[in-house]
Each structure stands twice: as structure tokens, then as C-alpha cells.
2 protein chains.
Amino acid sequence: MSVGTVSNVLNRPDLVAPDTRRRVLDTIDDLGFVRNESARQLRAGRSRTIGLVVLDVSNPFFTDIAHGVETAATANGSVIMLCNSGQAVEREARYLDVLEEQRVQGVLITPVGTDYSRLDVLVKRGTPVVLVDRGTELPNLCSVAVDDVLGGFVAASHLLERGHQRIAFAGGPLALRQVQDRHLGAVKALTDAGQKASDLQIFETTSLTLEAGRRAGEQILDVPEARRPTAVFCANDLMALGVLQAVVSHGLRVPGDVAIVGYDDIDYAAAASVPLSSVRQPRELIGRTATELLLDEIREGTSHQHRRVIFKPELAIRASSDRRRSSRGRARVARRTRPAD
Amino acid sequence: MSVGTVSNVLNRPDLVAPDTRRRVLDTIDDLGFVRNESARQLRAGRSRTIGLVVLDVSNPFFTDIAHGVETAATANGSVIMLCNSGQAVEREARYLDVLEEQRVQGVLITPVGTDYSRLDVLVKRGTPVVLVDRGTELPNLCSVAVDDVLGGFVAASHLLERGHQRIAFAGGPLALRQVQDRHLGAVKALTDAGQKASDLQIFETTSLTLEAGRRAGEQILDVPEARRPTAVFCANDLMALGVLQAVVSHGLRVPGDVAIVGYDDIDYAAAASVPLSSVRQPRELIGRTATELLLDEIREGTSHQHRRVIFKPELAIRASSDRRRSSRGRARVARRTRPAD
DNA sequence: CCACTTTGTTGAAACGTACCAACAATGTTC
DNA sequence: GAACATTGTTGGTACGTTTCAACAAAGTGG
């Protein structure tokens, strides 16, 4: 029995006679033979894995994206390797090294910074890359994103429309493109409404977590009442949940004293102590689409035309912001007012 | 320049003269050489990756564990490959195949079923396996778990102590060992308190998600008021959040009409519309410990002694269950009663 | 100046697979 | 029944590393 035949049984079973095939398969079972993927890859020159690098696995937004990616990848017989950069440039770099050493088929990534040179190198050396949740200035990458400027605009417009004058923006680091864009959109909403850009008070954080949200909430509450924002637009839902916790734990009311709007519309947003208004992104769809773009690129090779897909976000209005604010000064919350359900 | 020298520069730089080293490194930079991990693995016989197979990446409980695993793995220079079985036996099997083909250093897994034969085979063929969040009957595996029977006992005891007579258990599938154990613990609490085991009404679900929780909540509310449970112990926090949503959306009060206790104490539990009582598990610690056991096993080889680590859970009491129930019949919730903050 | 150690470099073998040209066996056609 | 096509099987080579014995060059001690 030659190794060539065994290889054929495994990879091109139609080439081998039925009973030989049987015999080989039985023996494989007997011996507990497991194909060595390393050798296979070495010979074939490429693997069956796709790298997915996200900013934060603890954020449901990204796990939902991962879900979409997995669906599309599995349908193609590929396996995904989920990497968590944790918004740290060095960790991201390390994972990219590992992925390149593994000769992955391609990489799906939400990059930490705006320095795309490492990705550029990756592409030049032949590993296709698709940006996720990030539009790109670079012409040599496919990308799937949501219009974050529009998202920020919609959120802030909604708050303005509800009569809020002093609006805060909480999130960070501002170096993160998503944060930047959402902020930009909010500023635009303000200026369009005749306010100054500087009227948007910024509470910058170092990350976008529940904990960071709580701290930002504390800071906001530290502002003297006369100047304290009556509404907060948070760069994502984890932040918003944190702010909500801080506000509630200080005995203030949402949206009575402080209205809150989040971003992503993760499942927990609707389940929060006060159901959270949020800018919805098609998370699974983003993941699926990105994967399909990547698979296309892998198949098409050099003839591939890069594409940018941009989805439109939608505002889900819930209790945390759904009340009209009285127009003059700080509204006193009457004690008899029923809390929003 | 021989390949051997290059290999030495990369792996045992002290063996090679400083200026040769320089020259090699410069050339590597010039040429954009990237080490081929497949070839390296093929030659070395094993990889630097550790497989982590979890039941549900969307569940923060598991991403927190993943976090702990990553910390410990990175410290060791290993890379983790995060796989999501989604509580499906076939997907789990497929991932195990892939991991074995990749010749991973070892596997950390929360298995879907109770059939350990596949894992047994893996171990026999030389891939160390450590069970996560699951004790084991098998003597040939390390494991890190939390005493789920105790957890269930503590949760149910707390509800009994608060005066609840009709308690429900929501979660599933019961085939999941974690669910089984938590249920068992709850039953024990009831019988210890002189009730019958059958007094614990079971609402079995097919998975442990928010959505499943909502449906379970609906079912519970469908029970005629006279027999409706006044308290629900949920197999995990996602379920509990779902039940909470269902109850609140029907205009009932938590804990007034229905008290709720969850399990895991994920970050969102405390942030829920009614802060959720929950059985806390040391999630990151579980991940770290499991990884360390695995790394030990990898290092020690055949001389390795398997260990079982079992952590004790703790009950975090919050608003969702923290009220004494009046002793006779269904307590009427006075309208003037303030909602819990 | 020879024998010996130390230091640095090299070439070859091996890992387990995929692929291909070559071959053997069988069937088909005139 | 000879020439040819078809089908099934087989060695051999290449993939890019690591490892190791062997070797060359330089330094050291007597």
C-alpha cells in the first residue's frame, strides 16, 4: 500500500477503486490515523484557516460579528481563528505575525490604530485582508463598515429633537476611528442645529468597557448641576450601560435627569435597567459580508476588484432617551412622576 | 549562507557570531522573510497553539474565561484558538478534528455532552485535555470546575429563606451537566427544607440564551396565577435576563410578583433593569487555572498527575430576589409600594 | 610548532503530505 | 489478437524548517 494511494483516498477518492478505498479507510480507523495539517499546509502552500482580529471579545458586538464570520467560513470549509487585540497595538501586531506565520488564507480585522502599514505589508506578501467595521482610505483593501458619522448624527439629532441643550459625548480613545466618526457625526448634528461644536462636552475614556462607562458617568455627575449635561451620547453600548449604572446609583433618573443613547444595539441594551436607546448595526451581516468579500478575494486572486460595503445604521429609540425635555433650564423631576417602564 | 545558520539566528542566536547575526537579520528584513510555521511544526512535531472550545462565545461567562486563558497562554508564548461549539455535538466534533489535525499542544474544553469517548481518544493519541467548568468522572483528565450542586443549593435556599413556596427552575437542556447539577442542588435545598422534589417546577429550554429565557418567562407567566411560581432560579444569567424581560414586559414586578436568581454573575447581571441576584463564579480564575494545569501537563508529559480543581461559588444578592415574601398565599403587591432601586 | 579546545558555520537528513509521471492491469475496438 | 484507451496504483520529489554530526578557523597551552 503506497502513501500516494492513501493521499488519493483522502483528497480525490474518485480516483481510487471502491474496495481499495474501503480497505484504506478501515485501516485509517484501526490505526487512529490523523492527517497532519502542518505537512498538508506545507505542501499545499496555504492553510484552511482565516484569522479574525477583533478589538474586544468581551463586547457582544464583536462576538455577534464573529458569529456571522463563522457561519460564512464554515460554509466554505474554512476554520476561523479568533484573536483578541484588546485595543492594544502590540497585541494586534503579535497576532498578525502569528497569522502570517501560519499562512492563513486571509485576515479579517478591526484594526486598533490608523496606521495601516502593517496590513499593507501583509497584503503585499499575498495575504488578503478585509477591514471590518472600518472604512478605509486605502485602495488596496476590501472593507465592510457602517456609516458611523451618520450614526453619530442620528443619535445626536434625536437628543436635540427631544429638547436637550447640553449634550455630552462619552467614549474613547478618540484615536479609534469608530469613536472619531461617531463624535464627528454628533458635532455635525449640533452645528446643523445652530449650536457651536464646542457645546458638545467630551468625556474621553481609554477604552470602551462597562467599567470605563461607569467612570465617565461619575465624571459627568461631578459637573455642577447648572452646567451638567442633560443627555449623554455614548460611543458604544457597554459605555452607555456603565453611564446608566452610575447615574442610577446616584439616585438620578434616566431619562428624567440624564438621557442616554448608546451605540451597537447589543442584546443587553434592550434588557438594561432602563431600556437603552441605541444606534443599531447589522452585526451578523457585517461578519458574513466581510467573510464573503474575503473568500471572493481568495478565489479571484490578482484579478480581484476591491470593494467597500457601507451599511446604514438605524436608531432604536427606547426609554433611556424617549421623553421630551422641558425647554427652559433643568427640568425638575416631580416626585410623583412614574418611572418609565 | 546556509539555511542552518539562518535557523540558528532565529532559534539559538547565541550560537552565531554577532555580525553574522546582524547580516542575517538585515537580509530577513530586506526580503520580508516570514517563517513558515507549518514547516516548523512539521519538523518539531507540535505547534504553539492551544485549542479552547466553549459552548457559546456570545455568553460573557465564556469570554471572561477566554480572557483568563489568553492571559496564561500568552505568558507561556502560546496562542489560543477559540472555537465555538454552540452546544452542538457535531460542531464540537468538527473542531476537535481540526485541532487534532493541527497538532495543537493541548485542548481546553467545556464539552457539550457527557460522552467523553472522543476526548478519551484525543488523550490516548497524546493531546492533553483539560475540562473547563466541568468536573469529571474520568480519571485521565485534569479539570477545573465550580461546585454547581452547591451553587444550585445556595440559590434555592436563598429563595426559600425569603419565604418563597413555589419555585421554578428554568434552563436546559438538562443533558448539560452544568444544568443538571444546578437543578440537583436546587432540589436538594427543597427537600432539605421539607418540600417534595416535585415541588420544583421545571421549565426546560433547548439552550441557555436571552431568547430562550424570554420564552421560558412567557411559559411561566402562562401558568394560572394560583399555581404560578413566585420565584425562578435560572440556569444562567442570560436566561435570567430573558425571564426578567418577559416578566417586566407583562407589567409584573420583580421581585414583588416574581423573584429571580441567575447564575454566573456576568457583568450585565448587576446592570439589568432590576439588578440580578446571581451565583458568582470566578470566571477569569477558572480560565487561568485550567490553562496552567494544561501547561503543566504538557511540560510534565507522562509523569503528570491529573488534578481536579473545584471552586466554591458565592451568591451575590441583589434587588431581583431581595425581599421577604409574605407567608400566606400570593402576596398582593400594594400599589403604593416603591419599586426597588 | 604541534596538539588540543573553542567558536562558528555547514551540509544532509528528516518530518508527513500532495502531486505527477510512470507503470500495470484490465477492458475495448477493429 | 494486436493496438489502443481506461482505470487503478506506485514510487519519487518537493515543500521549509530543525537538528546534528562534521568540519573549518581561530585561539590556547606546553
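Things to note:
- Here the stretch A:121-162 is scanned for amide nitrogen atoms under 14 Å from the site 7 Å beyond the Cα of A:Asn76 along Cα-to-Cβ, giving A:127-132, A:142-144.
- Taken one residue at a time, the phi angles of the stretch B:229-238 give Karplus couplings (6.51, -1.76, 1.60, θ = phi - 60°) of x, 9, 8, 10, 9, 9, 5, 7, 6, 4 Hz. Gly and Pro are set to x.
- For the protein assembly as shown, size of Cβ-based charge dipole, Lys and Arg +1, Asp and Glu -1, in debye: 1920 debye
- Among the chymotrypsin sites (Phe, Trp or Tyr not before Pro) within the stretch B:1-69, those in coil by DSSP and having at most 15 neighbouring Cβ atoms inside 10 Å are B:Phe33.
- Backbone N under 15 Å from the A:Ser7 label point (7 Å along Cα→Cβ), restricted to the stretch A:37-58: A:37-46
- Two-site label geometry, B:Leu15 and A:Leu174: point separation in nm, points 7 Å out along Cα→Cβ: 5.3 nm
- Mean Cα-pair separation over length for chain B, i.e. relative contact order, pairs under 8 Å, 6 or more apart, %: 17 percent
- Nearest 10 degrees, 0 to 90: helix B:18-31 Cα axis against chain B principal axis: 70 degrees
- Sorted shortest first, the separations between the B:Leu252 label point and its copies elsewhere in the assembly read 3.5 nm; each point sits 7 Å from Cα along the Cα-to-Cβ line.
- Chain B: calculated mean residue ellipticity at 222 nm from DSSP helix runs of at least 4, using -39500 (n - 2.57): -13500 deg cm²/dmol
- With a cut-off of 19 Å on the backbone N, the residues of the stretch B:84-113 near the modelled label site 7 Å out from A:Leu31 along Cα-Cβ are B:100-103.
- With a Förster radius of 25 Å applied to the C-beta separation of A:Glu161 and A:Ile310, the computed FRET efficiency comes to 0.50.
- Residue with peak Gaussian network fluctuation, chain B [Cα springs, cutoff 10 Å], from B:Ala272, B:Ala290, B:Ala259: B:Ala272
- Between the helical axis of B:148-161 and the longest alpha-carbon principal axis of chain B there is an angle of about 20 degrees.
- Look at the stretch A:54-67: the mean tally of other chain Cβ atoms within 10 Å of its residues' Cβ atoms is 3.
- Of all DSSP beta bridges confined to the protein assembly as shown, the antiparallel ones make up roughly 10%.
- With at most 13 other Cβ atoms within 10 Å, longest stretch of chain B clear of loop GluC sites (Glu not before Pro) (DSSP): B:1-136
- In chain B, the longest principal axis of the Cα atoms and the axis of helix B:89-101 are about 20 degrees apart.
- Placing a label point 7 Å from Cα along the Cα-to-Cβ axis, B:Lys124 is separated from the same position in the other copies by 5.2 nm, shortest listed first.
No value in this document is a laboratory result; all are computed from the given coordinates. None of the values given here were measured: they were computed from a predicted structure. Neighbour counts run over all protein chains shown; Cβ positions are idealised from the backbone, glycine included.
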